[in-house]
Amino acid sequence: RKAAEEQQQFNKGRKRKGGKDKSGSMPKITFIDDDDDASTDRKKNDTDQQARVTCGGLSMKINIDHMQKLERLHKRTLSNILGADESSSFARLLFTLLLRYDALEGAGLQSAIPHSVFRFLHNKFGCKFESFASPFNCYEMKQGGDSEYGTAFGDTDAWFGSEGSFFGVDFLRKGGCFQANPPFASEFMVCMYQRMHHFLSMTNGDNDTADEEVPPMQFAIFVPAWAESSGWQSLMSSPYLSKHCIIDQKKHYYTEGTQHRRSQRDSNAKDDGKGSYRIASFDTSVFFLQNAAAKKKWPLDDEVQDGLEKAFALTEDEEEVKKSSVKSKKLSQKSAHRQVKKQTTTQQKKVIKQQQPEKKKRKKSSSAGKKKTLMSGGEDEMNIFNSLGLVD
C-alpha cells in the first residue's frame, strides 16, 4: 500500500512537470508478429502477435494473453488498495517484472501445476491461495474473484496482487486450504515444512471445543517423489499428514515456467494456456497436511487420488497437441537426418556410431547428477534464495 501511494504521488509530480520523462528512460510497449515487424498497434484476433517492452536498449517479450492477464491483476490490485483501476506506470512495472524473472530464470521460472489441478483443489476444498507462484503462472480466479498467491519478489510482484514471500504470510489469520508447489531443492522443502508445522501446531486442538475456536488449516503440497531426500522425508514423517498420493510420471504434466514468453502458435495454447506444458520429469508426491479442524471439515478419501489423477491427466485436445508436436519433431529429425546422410562419409558414420553409447551414458549421468544435487539440498539454489532473503 505504501509503495502504491508513493507511486501515485510520483505520477502526480510528473504531470505537474509536463508529463514527459526528460530522461527518455520510460519503457515503451510495441507489438510484433512472427516476422518481427514492430507496431504500436495491436492487431485484433491475432493470437501469434506478441508484445515487446523496451527500455534503455533492452527489450523483453511477452505474449498477448499473459500481458492482458497482468493488466487485469494490476487493475484489481490498484482498485483494492487505492480505489482506482487506472495506472500510467503499467509499462514500467511490466518491464521491471519481466527483467527480474529473466535475470533469475534458473531459480524464478519453475514449472507450475496445471490450472485444472488448482481448479480441483478450489472446487473440493475452497482452496484460493498458491504459496509459490508468480504473476505469470498464478491461477486467475474467474467471475471477478481476487487471485491470492505468494511469490519470491514482493517489490515487483505486489503490483500484480502478490502477497509476498511464503515465509512472511500469516496463515493463522487467513485459515483455509493452501496449495504449495515449492522450488525442487530439498533444503528449501525442509524450511517450507517447518513453517507449515509451526502454524499447524498452533491451530491443532485436542478436543472439539478447540476445533471450533481455530480455523481449519490444510496444506496441499506438490513435490517430486524423491523418497531419499530430506525434504520428502520431513513431509512424510509429519504428525499432521492425512493423505499421501503418488502421481505416475508418465501420466501428468506441468505448465512451463516460460509460458508467458511463448507465442500462441509455438505453445499450442488452449484453455487458459494449458497447452504450454511439459511431461513431468519424476513421479509427483502430493501431501495433505491438516489440523484437527481441517480433518473434520475435509475428510480425505480415495476420491482425492482419483480427482488429482484426472486433473493432472492430458485431455483429448492436449493429446492432439502432444501428437502434433511429436509428429512435427519426427519430421524435422527425418529431414535433418537426410541432410547429414548426404554429407557424411562412411568413416564419419562409424565415428558417430561409436560415440552414440557414450553420449547416451553422459545424458543419463547428467540427469542423475541433477537429481542428486537437488536431493542433497540444492546448494546453488539455496544460495540464491538466501541471498534474496527468501528463506528465514
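Taken together, the values in this text are just the output of simple stated rules run on the coordinates, not laboratory data. Just so it is clear, the structure is predicted and the values come from calculations on it, not from any experiment. No Cβ is skipped: glycine too gets one built from the backbone with ideal geometry, and neighbour counts run over all protein chains shown.
What to note about this one:
- With a simple spin-label model that places each label point 7 Å from the Cα along the Cα-to-Cβ direction, the separation between residue 72 and residue 26 comes to 2.7 nm.
- If the segment from residue 102 to residue 278 were pulled out straight at 0.36 nm per residue, it would be longer than the present Cα-Cα gap by 61.4 nm.
- The length gained by stretching the chain between residue 228 and residue 310 to full extension, at 0.36 nm per residue less their Cα-Cα distance, is 26.8 nm.
- When peptides 122-132, 57-67 are sorted by average Cβ neighbour count within 10 Å, with the highest value leading, the order is 122-132, 57-67.
- Each residue, residue 243 and residue 167, gets one label point 7 Å from its Cα in the Cβ direction; the gap between the two is 3.1 nm.
- Karplus-derived 3J(HN,Hα), 6.51/-1.76/1.60, for each residue of the stretch 235-251, Hz, glycine and proline x: 6, 5, 8, 5, x, 9, 6, 9, 7, 10, 10, 10, 9, 4, 3, 7, 10
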